[in-house]
Amino acid sequence: MPFRNLGLDPKILQAVQEAGYTEPTPIQTAAIPPILAGSDLIGIAQTGTGKTAAFTLPILTKLAAVTGAGGQRGTRALVLAPTRELVLQIEENVRSYGKHLPLRVATVFGGVGEHPQINALRAGTQLIIACPGRLLDLMGRRCADFSGLQYLVLDEADRMLDMGFLPSIRQIVRSLPTKRQTLLFSATLSKEIEVLTHEVQ
């Protein structure tokens, strides 16, 4: 099944083609239609299987529909990832696939100055990609407003648990709207991941 049959926004399809992709990977074929349909999802996929596109493409399509209809202020999507490197990698994918959209994206992680991150959170940037530790710190200082959040993604959830982020994730999730779409991606489906899945959905 080619990308054009998955129901993605035409501007995103254009960006995908310009990136040189023609056929979706198995995780993309399996994940994109149910995400577009509004379902919560658990995706089990190793790094390198195209899972970042599996959640960014449908979320960008949904954001594009709202933006095209006159736009909504505030952060609509939050992606949590375990490391700065992964946050930056996801951001690169989002900017590549969303380059033809009027989309605002920001990253939040430690080890760098926090003022640009605070400004992005306060401005209601549409899509935030964050490490749990720094994000929770800024949320505790009332720098973020997630009252309009519609999409939550936990990427490499098993690594986040291994790195001790479970308490931070729980705190972040508790402060988000309960009516939202939740997507969880992990390389393994352990008992801990199953417990987390029940907690965040």
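Per-structure values
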| read-out | value |
| --- | --- |
| Residue that is farthest from SER39 (Cα to Cα), among those in the stretch 157-187 that are of a type in the set (S, T, N, Q) and in a loop (DSSP other than H, G, I, E, B) | SER175 |
| Selected residue (only one of GLU92, GLU114 is without any contact (Cβ under 8 Å) to a residue 40 or more places away in the chain, within 24 Å of GLY48 (Cβ to Cβ) and either out of contact with any Pro (no Cβ under 7 Å at 6 or more places or on another chain) or of a type in the set (A, V, I, L, M) (or both)) | GLU92 |
| Residue, most open to solvent (accessible area, probe 1.4 Å), within the stretch 119-145, restricted to residues that are farther than 20 Å from VAL94 by Cα and part of a loop (DSSP other than H, G, I, E, B) | ARG142 |
| Residues of the stretch 7-35 satisfying the condition of being open to solvent by less than 50 Å² (accessible area, probe 1.4 Å) and without any contact (Cβ under 8 Å) to a residue 12 or more places away in the chain | LEU13, PRO34 |
| Filter result (more than 21 Å from VAL200 (Cβ to Cβ), among the β-branched types (Val, Ile, Thr) and in contact with a helix residue (DSSP H, G or I) (Cβ under 7 Å, 6 or more places away or on another chain)) within the stretch 25-67 | THR49, THR61 |
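The values are calculated or read from the model by the stated rules, or taken from the named source; none is laboratory data. Quick caveat: nothing in here was measured; it's all calculated off a predicted structure. We place every Cβ from the backbone using ideal geometry, glycine too, and count neighbours over all the protein chains shown. The protein model used for the area step is the full one, side chains on, heavy atoms only, and it has no ligands, DNA or RNA in it. Shrake-Rupley method; radii C 1.70, N 1.55, O 1.52, S 1.80 Å.
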